[in-house]
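Report on the structure given below.
The values are calculated or read from the model by the stated rules, or taken from the named source; none is laboratory data. What you are looking at is a predicted structure, and each value in this text was computed from that prediction instead of being measured. Cβ sites come from the backbone with ideal geometry, for glycine too, and all protein chains shown count toward neighbours. Surface areas here come from the heavy atoms of the whole protein model, side chains and all, with no ligands, DNA or RNA. Shrake-Rupley method; radii C 1.70, N 1.55, O 1.52, S 1.80 Å.
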Amino acid sequence: MNAVTASLSRILAVFMKELIQMRRDRMTFAMMLAIPVLQLVLFGYAINTDPKDLPTAVHVEERTPIVRSLLTALETSGYYDLVFETDDPRESAALLARGEVSFVVSIPAGFTEDLVRGERPQFLIEADASDPSASSNAVARAEEIVNRALRHDLKGALAHLAPSAGPVEVVVHARYNPEAITQYNIVPGLLGVILTMTLVMITGIAMTREAERGTMENLLAMPARPLEVMIGKIAPYIGVGAVQTTIILLAARYLFDVPFAGALWLLLCGVVLFLVANLALGFTFSTIAKSQMQAMQLTFFFFLPSILLSGFMFPYRGMPAWAQVIGEALPLTHFLRIVRGVMLKGAGYADMQGAFLAIGLFILAVGTIAMLRYKRTLD
Amino acid sequence: MTARPDLAIDVRGLVKRFDDKTAVDGVDIQMPRGQVWGFLGPNGSGKTTTIRMICGLLRPSAGEGRCLGFDILKESARIKLATGYMTQKSSFWGDLTIRENLEFVARLYQMPRLRRRVDETLETLGLSHRQHQLAGALSGGWKQRLALAAVTMHEPKLLLLDEPTAGVDPQARRDFWDEIHRLSAAGLTVLVSTHYMDEAERCDRIVYLAHGRLVTEGPVAEIIAGSGLVTFRARGAGVRDLAERLRGAPGVEHAAYFGAALHVSGPERSALEQAIDGIGRDGAVWEEVEPSLEDVFITLMARSGGDQRDHG
Ligand SMILES: Nc1ncnc2c1ncn2[C@@H]1O[C@H](COP(=O)(O)OP(=O)(O)OP(=O)(O)O)[C@@H](O)[C@H]1O
Ligand SMILES: [Mg+2]
């Protein structure tokens with residue numbers, strides 16, 4: 001018990017020292033507040049792309065040659081990658097909610113019969129529009145793809161159906177962000193990007209600063225233990241992250257009118273987990289970097305793939321497989337799923353379990369490296 | 001190895017290798033409690049590395065020892081509580097005020113009556129009226145006094161001071177040494193590394209390192225007597241260009257200026273006199289003098305090859 005209070009009071013000592021230093025360092029302090037504001041303004045604009053091979057779930061209730069050829073046409077168009085087929089609509093809906101597919105194509109029972117009778121059956125495409133740039137092109141081409149396929153198939157006795165206004169009524173449901181407002185996607189994403197950028201860098205710098213100024217030796221010569229130093233030094237920056245989160249969430253609500261469909265507590269759990277992941281990473285960088293400059297460079301080295309491959313800049317499902325593999329290893333990828341899922345789709349914990357687990361694993365891995373590398377001695 | 005309670009530092013065969021470089025190579029130190037010892041040697045000779053091993057900040061590659069009776073390999077946490085180590089850069093936190101620095105240290109050591117303790121320390125330092133200034137704004141001399149106060153606040157039994165007076169003006173250096181002797185009189189054991197000969201002369205004993213090895217050790221007078229050196233001094237208008245001509249002459253181990261005078265030393269009187277006669281005695285007044293500690297160390301340094309710091 002005595003050892004615990006002793007340890008706590010040493011953590012408190014480091015914490016208070018760090019707090020004072022943070023307050024005195026006006027430049028860094030200003031940066032921590034200015035970065036969220038600046039980025040919010042800059043990213044008010046969208047980045048549009050034309051992603052292909054978007055994962056698509058198919059919910060089919062009948063399997064006729066015409067249905068087959070329609071699905072093949074979707075596949076060969078290059079926009080849709082049919083990764084999953086089911087006859088249970090709940091299954092396909094869950095995939096869309098978790099963000100594992102970008103589209104669900106639904107073909108109801110009796111589709112072929114209606115088509116042959118000339119009753120223009122519905123060909124339903126549900127799109128995950130929480131990231132509009134991901135789905136817009138694929139959606140725009142859908143009608144053309146479907147009808148061209150049918151023109152090809154409807155020959156002979158059925159040829160009279162072909163030239164009409166379109167034998168099939170292609171219906172697109174944009175889910176989660178029906179008006180395709182890009183800010184809805186960008187602003188929640190910014191939360192992750194800003195936390196990554198500032199927190200990894202600031203913790204990295206705060207630690208290497210001790211080594212560079214020679215005060216690390218003082219710390220080590222006094223009774224503070226490595227874990228105590230680490231906790232005491234990192235804790236103030238959790239506060240910084242909390243302030244940044246508040247700024248962005250308020251801006252999302254009042255400046256960009258981003259809807260908030262899910263539970264705030266779930267989002268905040270995600271934020272805390274993600275904060276810890278970034279701080280642990282910054283600390284690890286500081287055990288590798290020999291100077292503040294190197295810590296900064298390491299941060300950017302990590303930041304670049306984070307911003308490009310996490311699904312923030314470019315739609316995740318539109319990236320080549322190797323890029324998605326890298327993306328899976330980045331905490332930002334999973335955090336983006338949580339923020340967008342909770343804010344835009346109203347996803348619950350069950351939907352987000354995988355993302356939480358992935359960030360947890362990241363913390364475990366990075367934290368282990370940090371503790372192994374952070375030394376009690378100077379060698 | 002049996003613990004000897006009379007020794008503050010008792011280390012044997014300390015070796016420290018960094019990759020392929022041996023920074024400290026088999027150093028033995030047996031330092032009794034209550035004394036003030038000087039730790040000398042050229043740049044890169046291994047002083048800092050040895051001190052770090054003594055207080056448990058570096059793990060020796062080989063060797064063993066005790067510091068204040070605690071095993072340097074296994075009990076570094078207890079050594080840290082009982083020693084005060086002023087590092088070579090000895091910078092406390094420049095972006096904290098003087099008071100905040102002391103409070104931080106007091107908190108880390110969990111000192112009772114923290115405020116009173118800090119107040120008292122500020123009082124003895126004579127810094128009460130400047131306690132809210134940033135430590136980074138202090139002059140070199142004051143910085144060192146603050147650092148000394150910070151490492152003595154938890155009342156350690158042993159002080160390890162690594163070049164505490166580097167870059168400090170002569171008066172501040174004197175004040176600093178007066179403080180060291182005050183602490184020593186109060187029962188502290190002090191090991192000080194330094195490059196200044198006048199400071200070395202204020203120590204009870206001297207340990208001299210070169211290339212990570214202990215070259216000589218003992219009281220100043222013994223080291224001078226034991227060096228077997230003969231020194232001649234030249235004064236006068238013409239001495240300015242004599243050193244160049246004497247260096248490398250047979251029997252001359254070193255020729256160096258001490259202020260306006262030239263000192264020439266070597267192991268043999270007759271050889272030295274011959275060398276001096278060789279360049280002529282015009283324009284300078286020559287006389288034999290007692291070798292100073294500096295003469296001895298310059299010779300030791302020359303014998304061991306000067307600056308030993310790795311520049312790679
Ligand atoms: N962490 C380290 N890694 C590699 N080499 C080191 C390290 N620390 C010291 N050295 C090397 O070990 C040797 C001894 O260094 P040390 O700092 O102990 O010398 P010193 O006597 O304190 O020198 P100075 O008078 O300049 O302070 C030097 O060659 C130095 O370059
Ligand atoms: Mg040194």
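Only one entry in A:ILE338, A:ILE359, A:ILE369, A:ILE326 is farther than 30 Å from A:MET222 by Cα, open to solvent by 50 Å² or more (accessible area, probe 1.4 Å) and not charged (D, E, K, R), namely A:ILE326.
The requirement of being without any contact (Cβ under 8 Å) to a residue 40 or more places away in the chain and more than 19 Å from the chain's Cα centre (by Cα) is fulfilled somewhere in the stretch B:20-36, by at least one residue. Within the stretch A:3-23, the set of residues being out of contact with any helix residue (DSSP H, G or I) (no Cβ under 9 Å at 6 or more places or on another chain) and either surrounded by 16 or more Cβ atoms within 10 Å (Cβ to Cβ) or more than 10 Å from chain B (Cβ to nearest Cβ) (or both) comprises A:ALA3, A:VAL4. Please go through the stretch B:43-64 and pick out each residue that is on the phi > 0 side of the Ramachandran plot and in a strand (DSSP E or B). Once the filter is applied, which keeps residues that are on the phi > 0 side of the Ramachandran plot and in a strand (DSSP E or B), the stretch B:43-64 yields only B:GLY63. Remark: B:LEU159 matches the filter, which requires a residue to be within 14 Å of another protein chain (Cβ to nearest Cβ), open to solvent by less than 10 Å² (accessible area, probe 1.4 Å) and either touching a helix residue (DSSP H, G or I) at 6+ places or on another chain (Cβ under 7 Å) or away from ligand 1 (no atom under 16 Å from the Cβ) (or both).
Of these, A:LEU304, A:LEU357, A:LEU372, A:LEU298, which one is closer than 27 Å to A:LEU266 by Cα and away from every other protein chain (no Cβ under 14 Å)?
Working: A:LEU304 fails: closer than 27 Å to A:LEU266 by Cα; A:LEU372 fails: closer than 27 Å to A:LEU266 by Cα; A:LEU298 fails: closer than 27 Å to A:LEU266 by Cα.
Just one listed residue meets the conditions, A:LEU357.
Inspection of the stretch B:243-260 finds a residue satisfying the criterion of being touching a residue at least 24 places away in the same chain (Cβ under 8 Å), open to solvent by 40 Å² or more (accessible area, probe 1.4 Å) and either in a strand (DSSP E or B) or touching a Leu at 6+ places or on another chain (Cβ under 7 Å) (or both). Within the stretch B:46-85, if we keep just the residues that are aliphatic (A, V, I, L, M) and farther than 26 Å from B:ALA210 by Cα, the residue that is most open to solvent (accessible area, probe 1.4 Å) turns out to be B:LEU81. Of the residues in the stretch B:51-63, none is more than 16 Å from ligand 1 (Cβ to nearest atom) and modelled with pLDDT under 95. In the stretch A:320-330 there is at least one residue matching the filter, namely being without any contact (Cβ under 8 Å) to a residue 60 or more places away in the chain and charged (D, E, K, R).
For the stretch B:170-214, the set of residues classified as within 16 Å of ligand 2 (Cβ to nearest atom), open to solvent by 10 Å² or more (accessible area, probe 1.4 Å) and within 18 Å of B:THR87 (Cα to Cα) consists of B:HIS195, B:TYR196, listed by residue number.
Given the condition under 30 Å from B:ASP28 (Cβ atoms) and touching an Asp or Glu at 6+ places or on another chain (Cβ under 6 Å), answer yes or no: does some residue in the stretch B:304-312 qualify? Before you say what the answer is, go through the steps one by one.
Residues of the stretch B:304-312 that are under 30 Å from B:ASP28 (Cβ atoms), as a first pass: B:304-312.
If we keep only those that are touching an Asp or Glu at 6+ places or on another chain (Cβ under 6 Å) as well, we get none.
Within the stretch B:304-312 (the criterion being under 30 Å from B:ASP28 (Cβ atoms) and touching an Asp or Glu at 6+ places or on another chain (Cβ under 6 Å)), the answer is no, since none of the residues qualifies.
If you take the residues of the stretch B:178-211 that are of a type in the set (D, E, K, R) and not in a strand (DSSP E or B), which of them is farthest from the chain's Cα centre (by Cα)?
Taking the stretch B:178-211 as the starting set, the residues that turn out to be of a type in the set (D, E, K, R) are B:178-179, B:182, B:198-199, B:201-202, B:204-205.
So of that shortlist, the ones also not in a strand (DSSP E or B) come out as B:178-179, B:182, B:198-199, B:201-202, B:204.
Values: B:ASP178: 16, B:GLU179: 16, B:ARG182: 18, B:ASP198: 11, B:GLU199: 8, B:GLU201: 11, B:ARG202: 11, B:ASP204: 12 Å.
Here the residue is B:ARG182.
Hey, among the residues in the stretch B:100-123 that are surrounded by 16 or more Cβ atoms within 10 Å (Cβ to Cβ) and of a type in the set (A, V, I, L, M), which one's nearest to the other protein chains (Cβ to nearest Cβ)? Selected residue: B:LEU108.
Condition check: open to solvent by 50 Å² or more (accessible area, probe 1.4 Å) and in contact (Cβ under 8 Å) with a residue 60 or more places away in the chain. Does A:LEU227 satisfy that? Yes: the conditions hold for A:LEU227.
Looking at B:ASP10, B:ASP25, B:ASP19, just one residue is away from chain A (no Cβ under 14 Å), closer than 30 Å to B:ALA302 by Cα, within 11 Å of ligand 1 (Cβ to nearest atom) and out of contact with any Leu (no Cβ under 7 Å at 6 or more places or on another chain), and that residue is B:ASP25.
Checking each residue in the stretch B:65-99 for being at the interface with another protein chain (Cβ under 7 Å from one of its Cβ atoms) and either among the β-branched types (Val, Ile, Thr) or part of a strand (DSSP E or B) (or both) picks out B:TYR85, B:THR87.
Examine the stretch A:306-314 for a residue that is open to solvent by 70 Å² or more (accessible area, probe 1.4 Å) and in a loop (DSSP other than H, G, I, E, B), and state whether such a residue exists. Taking every residue of the stretch A:306-314 in turn, at least one turns out to be open to solvent by 70 Å² or more (accessible area, probe 1.4 Å) and in a loop (DSSP other than H, G, I, E, B). If you go through the stretch A:93-121, how many residues are of a type in the set (Phe, Trp, Tyr) and either open to solvent by 20 Å² or more (accessible area, probe 1.4 Å) or not in a strand (DSSP E or B) (or both)? Adding up the residues that qualify gives 1.
Looking at the stretch B:24-35, which of the residues that are open to solvent by 10 Å² or more (accessible area, probe 1.4 Å) and assigned to a strand (DSSP E or B) is farthest from ligand 2 (Cβ to nearest atom)?
The initial filter retains those residues of the stretch B:24-35 that are open to solvent by 10 Å² or more (accessible area, probe 1.4 Å), namely B:25-26, B:28, B:30, B:32-35.
Now drop any that are not assigned to a strand (DSSP E or B), which leaves B:25-26, B:28, B:30, B:32.
Numbers: B:ASP25: 16, B:GLY26: 19, B:ASP28: 19, B:GLN30: 22, B:PRO32: 24 Å.
So, considering only residues that are open to solvent by 10 Å² or more (accessible area, probe 1.4 Å) and assigned to a strand (DSSP E or B), the one farthest from ligand 2 (Cβ to nearest atom) is B:PRO32.
When the criteria are applied in full, B:ALA210 meets the requirement of being assigned by TED's automatic domain parsing to the domain that holds B:ARG145 and within 16 Å of ligand 1 (Cβ to nearest atom).
Would you check if B:THR152 is away from ligand 1 (no atom under 16 Å from the Cβ) and either closer than 17 Å to A:GLU217 by Cα or within 14 Å of chain A (Cβ to nearest Cβ) (or both)? So that I can check it myself, show each step before the final result.
On the way: away from ligand 1 (no atom under 16 Å from the Cβ): yes; either closer than 17 Å to A:GLU217 by Cα or within 14 Å of chain A (Cβ to nearest Cβ) (or both): yes.
Yes: the conditions hold for B:THR152.
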